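The values are calculated or read from the model by the stated rules, or taken from the named source; none is laboratory data. Worth saying up front: this structure is predicted, and the values here are computed from it rather than measured. Here the Cβ positions follow ideal geometry from the backbone for every residue, glycine too, while neighbour counts run over all protein chains shown. Heavy atoms of the whole protein, side chains included, go into the accessibility calculation; ligands, DNA and RNA do not. Shrake-Rupley method; radii C 1.70, N 1.55, O 1.52, S 1.80 Å.
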Amino acid sequence: MYDSFDRRINYLRISVTDRCNLRCIYCMPEDGIKTLQHSEILTFEEIVEVARVAVKMGINKVRITGGEPLVRKGIVNLIAMLNAIPGIEDLSMTTNGILLAKYATQLREAGLNRVNISLDTLDGAKYKMLTRGGELIEVLMGIQAAKDAGLDPVKINCVVQLSSDEPDARIIAEYCRQNGLAARFIHQMSLTEGHFSVVEGGTGGDCSSCNRLRLTANGKILPCLFGDQEFDVREFGPERAIRMALENKPACGSVNLTGEFYNIGG
Ligand code: SF4
């Protein structure tokens with residue numbers, strides 16, 4: 001499918017939860033978050049139905065995000081259900097890696113192809129500060145488990161303040177080079193201020209060739225991360241909601257005053 005700017009839209013990012021087992025300082029507010037009610041969260045069957053319809057309309061690439069997707073109960077089953085949809089050529093996940101050592105093999109066997117793991121520093125104390133309590137060793141074990149399970153490629157998403165020339169980013173780059181990982185550097189973004197840029201080593205943030213739509217955990221199709229428009233699949237049905245999002249997809253992002261990274265999935 002193509003949007004009104006003749007961009008081919010073939011990529012659907014699906015947030016399966018707004019919950020997370022970390023509290024990263026650039027994502028989660030200090031005083032916690034108001035999480036969605038259980039009844040607001042799409043069931044696996046609803047997610048699969050949206051994905052099935054989206055594939056029929058032209059999507060062939062699906063990424064599972066959150067919050068943290070691995071905290072969603074039964075996540076391995078959801079991967080298997082999505083993998084069973086003919087036409088999904090690339091099924092990936094973005095995770096903070098904390099639970100990856102536990103699930104990597106099951107996810108691979110269920111049909112997950114590849115994974116992006118968030119890691120901004122190899123300094124354990126700094127990691128604990130940035131994530132408000134996370135253990136670096138758990139992520140490193142998750143990265144190894146992903147490689148051992150055959151998830152390929154394994155990419156590292158490293159958030160930087162201004163550039164990949166920052167000390168932590170250079171250390172992450174060298175770590176990736178030594179361990180056969182692909183590094184991606186994401187400049188810190190602000191939804192409300194409309195601050196975003198092209199991901200170094202990736203495709204995100206390049207509006208001229210944007211190929212994506214997003215499905216939030218509570219069933220909204222978003223034409224753009226940096227926009228406030230959303231179309232409810234429970235209200236309009238998957239096909240109409242996707243079509244409305246496509247028709248309303250902006251030429252480029254501006255600001256998002258209503259959403260949060262933890263409930264959109266970046
Ligand atoms: S800001 Fe919007 S249009 Fe630009 S790349 Fe992101 S989602 Fe696409």
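Rg (Å, one decimal) plus Dmax (Å, integer) for the alpha carbons of region 183-266?
That works out to 12.7, 39 Å for Rg and Dmax.
So which aspartates and glutamates pass the test for Lys126, namely a Cα distance under 15 Å, with those fewer than 8 places away in the same chain ruled out?
Reachable aspartates and glutamates: Glu135, Glu138, Glu166, Asp168.
Under the classification rounded if a/c is under 1.5, otherwise prolate if a/b is larger than b/c and oblate if not, where does region 56-210 fall, given a ≥ b ≥ c as square roots of the Cα gyration tensor eigenvalues?
Oblate, since a/c reaches 1.5 and b/c is not below a/b.
Measuring from label point to label point, each 7 Å out along Cα→Cβ, what is the Ser39 to Asn77 span in nm?
Spacing of the two 7 Å Cα→Cβ label points: 2.2 nm.
Rounded to the nearest 10 Å², what accessible area does Ser118 have for a 1.4 Å probe in the complete protein model?
40 Å²
Can you return the lysines within cross-link range of Lys61? Criterion is Cα-Cα under 17 Å, with same-chain partners fewer than 8 residues away left out.
Result set, ordered by chain and number: Lys155.
Run the helix sum for the chain: -39,500 (n - 2.57) per DSSP H stretch of 4+ residues, divided by residue count, reported at 222 nm to the nearest 500 deg cm²/dmol.
About -9500 deg cm²/dmol.
Report the extension gain between Leu162 and Lys56 in nm, rounded to one decimal, defined as 0.36 nm multiplied by the number of residues separating them, less their alpha carbon distance.
Gain on stretching Leu162 to Lys56: 34.2 nm.
Given a 1.4 angstrom probe, what's the average accessible area per residue across region 11-264, in square angstrom?
44 Å²
Got a sec to turn the phi values of region 85-100 into Karplus ³J(HN,Hα) couplings, 6.51 cos²θ - 1.76 cosθ + 1.60 with θ = phi - 60°, whole Hz, x for Gly and Pro?
7, x, x, 7, 8, 9, 10, 10, 9, 10, 9, 7, x, 4, 9, 5
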